[in-house]
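Working notes for the structure below.
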Amino acid sequence: MIALLTTLVGIGLLITGQSGKSLAGVDPTMLRAMSVAIFTLGLWITGVVPEFFTSLLFLFLSALLVIAPPEIVFSGYYSSALWLIFGGLVIGHTVTQCGLGDRLVNRLALHSAPGYLGALTTIALAGLLLSFIVPTAIGRVVLMAPIAVHLAKRLGFEAGSNGQAGLVLTAGMSTSLPAFTILPSNVPNLVMSGSAEGLYGVSFSYSDYFLLNFPVLGLFSFVTTIALNWLFFRETPRQIPTATDAEPLTPSQIKLAVVLALTVLLWITDAWHGIAPAWVAMGAALFCSLPGVGVIPVADLPQKINIAPIFFVSGVIGFGVVASYTGISGWVGDYLVTLFQQANLTSNAAIFAALTFIGSLVAIGTTVPTAPGVMTPLAGQLAAATGWPVESVLLAQVPTWVLVPLPYLVPPLLLTLSIGRIPSAQAVRLLLSYFAIGIVIFAPLHFAWAQWLGFFS
């Protein structure tokens with residue numbers, strides 16, 4: 001019903017835009033862009049068709065209707081994030097093919113606490129620890145999601161089972177959502193901090209950012225991820241991992257272990273050597289498939305690598321860029337600022353709630369990676385409207401990244417669904433519950449903690 005409703009709304013806006021008429025002060029060009037955006041969001045949210053197919057539809061319709069120039073519509077293919085995904089997919093395939101994944105999972109299974117809750121906790125801890133080491137969520141997901149799939153198999157969960165879904169979703173959520181509270185660990189954090197320094201001369205230190213956001217939002221995200229996945233997907237493991245005599249590493253496994261170690265080392269030290277994580281992952285992937293030297297046959301690249309996530313994420317990235325280019329992002333932001341000013345809020349708690357509401361709407365309309373590009377330029381206007389310092393207005397964005405209601409908002413979560421072949425409907429139910437708990441309980445706690453530290457006032 002949601003997909004049908006958004007499709008009908010999209011058709012109505014398209015007809016109006018094509019006729020050259022304006023609607024509520026919105027010009028015909030933006031109406032056509034809105035029609036495609038609403039149609040796309042409806043399909044992404046509901047998952048009535050595969051997500052990658054929705055992305056292709058978005059790209060096709062945007063180009064066909066000349067919503068934006070081709071270099072804008074297909075900008076996702078220029079993004080380094082897309083090639084990071086490519087590298088990650090090849091690395092994940094290589095880990096599976098050479099058997100190193102099974103060895104890692106056996107170690108992980110033997111050292112985890114017993115039962116399904118123990119397995120979830122082990123996966124979540126590994127994902128959180130990686131957030132302090134690997135500087136990109138997609139890089140962490142491509143390491144953790146295949147391990148979660150293997151661990152599910154090791155525990156006797158079949159593909160498509162609830163047990164497997166919970167483990168894989170835990171891997172995706174624990175590697176991406178708490179990391180929004182660790183400054184260098186996710187792209188939106190860096191976009192916001194870099195833009196804030198350029199626009200307002202405001203800079204954030206690692207320790208201050210961490211102290212403000214991690215104790216409530218980060219820990220909430222970690223604990224709630226485990227609890228909700230246990231509540232929604234718990235199953236009794238059908239197999240109990242037992243210690244076995246480890247066979248010696250094969251030459252291929254040794255070679256891959258060295259490649260993975262060097263890859264993670266280069267990811268950790270990217271600020272020193274200046275090589276972007278995407279090119280590190282791509283280089284590792286190409287080495288793994290290099291004829292005569294690599295670990296897998298080069299024929300695996302065109303024949304066995306699932307490229308659906310590449311189409312999917314390219315659409316998500318293109319969606320955000322098109323929304324910005326066509327003025328949708330700015331129009332939504334300006335409209336929300338006007339509403340904010342008209343509300344004439346005086347309570348700090350009410351101002352924080354309003355900023356969270358605005359940030360969440362912008363994120364839903366543009367996706368989390370794009371949201372800082374919309375909200376950060378508006379921070380000056382919002383600061384003037386609220387009386388808060390610009391720094392506090394900027395930091396009020398962070399809860400809207402951590403507390404996400406839908407998987408399409410965070411590309412690493414989408415990649416997780418693709419790797420685990422998990423229907424988006426399962427993730428939507430889980431994340432809506434996560435969002436509701438976060439908004440009702442932990443957003444107010446975060447506000448109280450921030451006020452105690454001297455922020456949001």
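For the ranges 340-346, 137-143, 172-178, what's the packing order if you count other beta-carbon atoms within 10 Å of each residue, average per peptide, and put the highest first?
Final packing ranking: 172-178, 137-143, 340-346.
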field: Charge dipole magnitude, Cβ of K and R +1, D and E -1 - the chain, Cα centre, debye nearest 20
entry: 680 debye
field: Gyration tensor (alpha-carbon) shape descriptor, segment 20-72, a/c threshold 1.5
entry: oblate
- line: Heavy-atom accessible area per residue of the chain, all protein chains kept, 1.4 Å probe, expressed in Å², is 41 Å²
field: Residues in segment 378-415 that a label on ILE72 would reach, taking backbone N under 18 Å of a point 7 Å out along Cα→Cβ
entry: none
query: Which percent of the accessible area of the chain is formed by carbon and sulfur heavy atoms (probe 1.4 angstrom)?
result: 68 percent
- request: Provide Rg over Rh for segment 2-105; use the alpha carbon set for both Rg and the Kirkwood Rh (inverse mean inverse pair distance).
  value: 1.18
statement: Rounded to the nearest 10 Å², the accessible area of GLU391 using a 1.4 Å probe with every protein chain kept is 70 Å²
field: Candidate lysines - alpha carbon under 19 Å from LYS304, same-chain residues fewer than 8 apart omitted
entry: none
Farthest positive-ward along the chain dipole, Cα basis, beta-carbon charges - from ALA354, GLY318, PRO251: PRO251
- request: Average the reciprocal distances over every distinct pair of alpha-carbons in segment 390-433, invert the result, and give the Kirkwood radius in Å.
  value: 11.6 Å
statement: Rounded to the nearest 0.05, FRET efficiency between LYS21 and PHE60 (Cβ-Cβ, R0 41 Å) equals 0.95
- line: With 0.36 nm assigned to each residue of separation and the Cα-Cα distance removed, VAL337 to ALA436 gains 33.2 nm
- prompt: Could you work out the helix-only [θ] at 222 nm for the chain, with each DSSP H run of four or more residues adding -39,500 (n - 2.57) and the total divided by the number of residues, to the nearest 500 deg cm²/dmol?
  reply: -22500 deg cm²/dmol
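The values are calculated or read from the model by the stated rules, or taken from the named source; none is laboratory data. These numbers come from a predicted model, not from an experiment. A quick note on method: Cβ atoms are made from the backbone with ideal geometry, for glycine too, and the neighbour counts reach across all protein chains shown. Only protein heavy atoms, including side chains, enter the accessible area calculation; ligands, DNA and RNA are left aside. Shrake-Rupley method; radii C 1.70, N 1.55, O 1.52, S 1.80 Å.
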